[in-house]
Amino acid sequence: MSSTQPARPVSGALRVVMVSMHTSPVASPGSADAGGMNVVEVNSAKALAARGHRVDMLTRRDAPDLAAVAEVAPGVRLFNLAAGPAAAVAKSQQEELIEPFRAAMAHWWRSHGAGVDIVHSHHWFSGVAALSIAQSAGLPHLQSYHSVAAPVGASLDAGEPPESEGRPAGERLVAEQSQRIVAVSDAEARTVAQRYGTSADRISVVRPGVDHDLFRPLRRGEQHWAWQGDYLFFAARLQPLKGPDLAVRTLAALPPGRRPRLVIAGQASVDFSWYAQELRDLADELGVADEVLYIGSQDRDQLATVLRGACLLLNPSRSETYGLINLEASASGVPVIATRAGGMVESVDDQVTGVLLDSRDPAVWAEAVQEFLNHPDRRARFGQAGRAFAAQRGWDVVAAELEAVYRKEARR
């Protein structure tokens, strides 16, 4: 991957098209609508290219200064397709862009589609746009959801509410007509099967990976990030589903004068632009405003730097298909406290790499935090176990598993 020369296809190399309509795979997680899906897509693409395959990633052009095509890594290209305004569009409005994006993708296909073996869509927007193009070309269409919409009217514990009314029907369409669903966890696979009736033999599970060089423990003598002292870390988009309010309430439930700071990385999307101020108001109301630091969305290098200096990662999300930040924390030697929700039982080895909680009571969370703060040896033990746990999931492993899925479908 360090070579500056384009990867040359080897015998049996595949040409893969990955589609991510509503958010660029190279966007920083925690910014706008970017998250774990972006990390999974771009790192899977790079790792596949390192195995000799060629990957083209297609996304919607959401800024006027973006090049039509950019090389992300040898063998990986990113195409920014003109579909709708060259500006950020709220996720709740992106359903209207599916047809323009489908037209832009069809135009791209006429020039670049020869030799494609697999079309792999990420998120339902992408699948609805790309499905008919793959079908017309006689190619397998694979679908990854990354989040499955909760039933209308359900609580946040059931998952992300539909951002627009067409989502349930769109998710069902791609579940029924795609050759294969690629889920990021057993939990997500079960959800897709239960909500859309997809048979288990049409679902493959490929869990995310982690860059072990980037996400690593703090080295002996290495300068601590920002200041001396302990801090809890929260990293996600700022919206109710992710539960940053519980992280703030947990901080407030710790003994005054002895509690660490809370560092919050992430920003609110257009649809939740009001939420960041609500979070600040909560911290002020609870008397911890001066102990919460908001650092916004971070690029991958800076995120890893901040993460490895944390004493604990708090992940109070109400629903996650996997919880990639948990694995990144483990790779960094940082124990995790998370909700026992969805795929987080797969990204955290309970009582080994972290602690999974069924309660959303801040006092319960604060007690779990105190157990680590009061017992440094426990923190170190969990951190070491986390590093070993994460070592099993490099992106090279992910690419090998994806390749096996792709080859199986390409042979049909």
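The values are calculated or read from the model by the stated rules, or taken from the named source; none is laboratory data. The model shown is predicted, which means the values in this text are computed figures rather than measured ones. Note that each Cβ is placed from the backbone with ideal geometry, even for glycine, and that neighbours are counted across all protein chains shown.
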Would you say Val334 is touching a Cys at 6+ places or on another chain (Cβ under 8 Å), assigned by TED's automatic domain parsing to the domain that holds Leu307 and of a type in the set (Val, Ile, Thr)? yes
Is there any pair linking a residue in region 87-98 that is under 17 Å from Phe272 (Cα atoms) to one that is among the charged types (D, E, K, R) and surrounded by fewer than 19 Cβ atoms within 10 Å (Cβ to Cβ), with Cβ under 7 Å and at least six apart or on different chains, and which? Ala90/Asp271; Lys91/Asp271; Ser92/Asp271
Could you check Lys46 against (1) within 19 Å of the chain's Cα centre (by Cα); (2) assigned to a strand (DSSP E or B); (3) of a type in the set (Lys, Arg) and say which number it fails? (2)
Residues of region 389-412 being surrounded by fewer than 13 Cβ atoms within 10 Å (Cβ to Cβ) and either under 14 Å from Val205 (Cα atoms) or free of Cβ contacts under 8 Å to residues at least 60 places away in the same chain (or both), which ones? Gln392, Ala404, Arg411
Name the residue, out of Ala169, Ala189, Ala183, Ala226, that is assigned by TED's automatic domain parsing to the domain that holds Val148, of a type in the set (A, V, I, L, M, F, W, C) and more than 19 Å from the chain's Cα centre (by Cα). Ala169
With the structure loaded, tell me whether Glu328 is in a helix (DSSP H, G or I), more than 22 Å from Pro376 (Cα to Cα), acidic (Asp, Glu) and modelled with pLDDT of 95 or more or whether it fails that test. no
Which pairs do you get when a residue that is touching a residue at least 12 places away in the same chain (Cβ under 8 Å) and closer than 11 Å to His120 by Cβ, found in region 47-58, comes within reach of a residue that is of a type in the set (Ser, Thr, Tyr) and not in a helix (DSSP H, G or I), reach meaning Cβ atoms under 9 angstrom, with the pair 6+ apart or on two chains? Met57/Ser20; Met57/Ser24; Leu58/Ser20
Which numbered condition Glu176 fails, given (1) modelled with pLDDT of 95 or more; (2) touching a Ser or Thr at 6+ places or on another chain (Cβ under 7 Å): (2)
Going through (1) modelled with pLDDT under 95; (2) among the aromatic types (Phe, Trp, Tyr); (3) in contact with an Asp or Glu (Cβ under 7 Å, 6 or more places away or on another chain) one by one, Trp227 fails only at (3)
Within region 199-231, track down each residue that is in contact with a helix residue (DSSP H, G or I) (Cβ under 7 Å, 6 or more places away or on another chain) and assigned to a strand (DSSP E or B). Ile203, Ser204, Val205
Residues in region 264-286: is at least one outside the structural domain of Gly159 (by TED's automatic domain parsing), assigned to a helix (DSSP H, G or I), in contact with a strand residue (DSSP E or B) (Cβ under 7 Å, 6 or more places away or on another chain) and not aliphatic (A, V, I, L, M)? no
I want to confirm something. Restricting to region 301-311 and keeping residues that are farther than 22 Å from Tyr275 by Cβ and out of contact with any helix residue (DSSP H, G or I) (no Cβ under 8 Å at 6 or more places or on another chain), which single residue is surrounded by the fewest Cβ atoms within 10 Å (Cβ to Cβ)? Asp301
Positions within region 132-166 being at pLDDT 95 or above, surrounded by 16 or more Cβ atoms within 10 Å (Cβ to Cβ) and part of a helix (DSSP H, G or I), in sequence order: Ile133, Ala134
Residues being among the hydrophobic types (A, V, I, L, M, F, W, C) and part of a loop (DSSP other than H, G, I, E, B): count how many of those fall in region 49-83. 6
Looking at region 374-382, can you tell me whether even one residue there is in a helix (DSSP H, G or I), at pLDDT 95 or above, under 22 Å from Leu214 (Cβ atoms) and touching a Lys or Arg at 6+ places or on another chain (Cβ under 7 Å)? no
Tally time: how many residues in region 305-332 are under 17 Å from the mean Cα position of the chain (by Cα) and farther than 18 Å from Thr353 by Cα? 3
Do you know which residues across region 362-412 are of a type in the set (Phe, Trp, Tyr) and over 25 Å from the mean Cα position of the chain (by Cα)? Phe372
Looking at (1) part of a helix (DSSP H, G or I); (2) buried (at least 19 other Cβ atoms within 10 Å of the Cβ); (3) in contact with a Ser or Thr (Cβ under 7 Å, 6 or more places away or on another chain), which one does Leu314 not meet, given that it meets all the others? (1)
Quick check on my filter: what residues within region 331-352 are more than 23 Å from Ser155 (Cα to Cα) and part of a loop (DSSP other than H, G, I, E, B)? Ser332, Gly333, Val334, Pro335, Val348, Asp349, Gln351, Val352
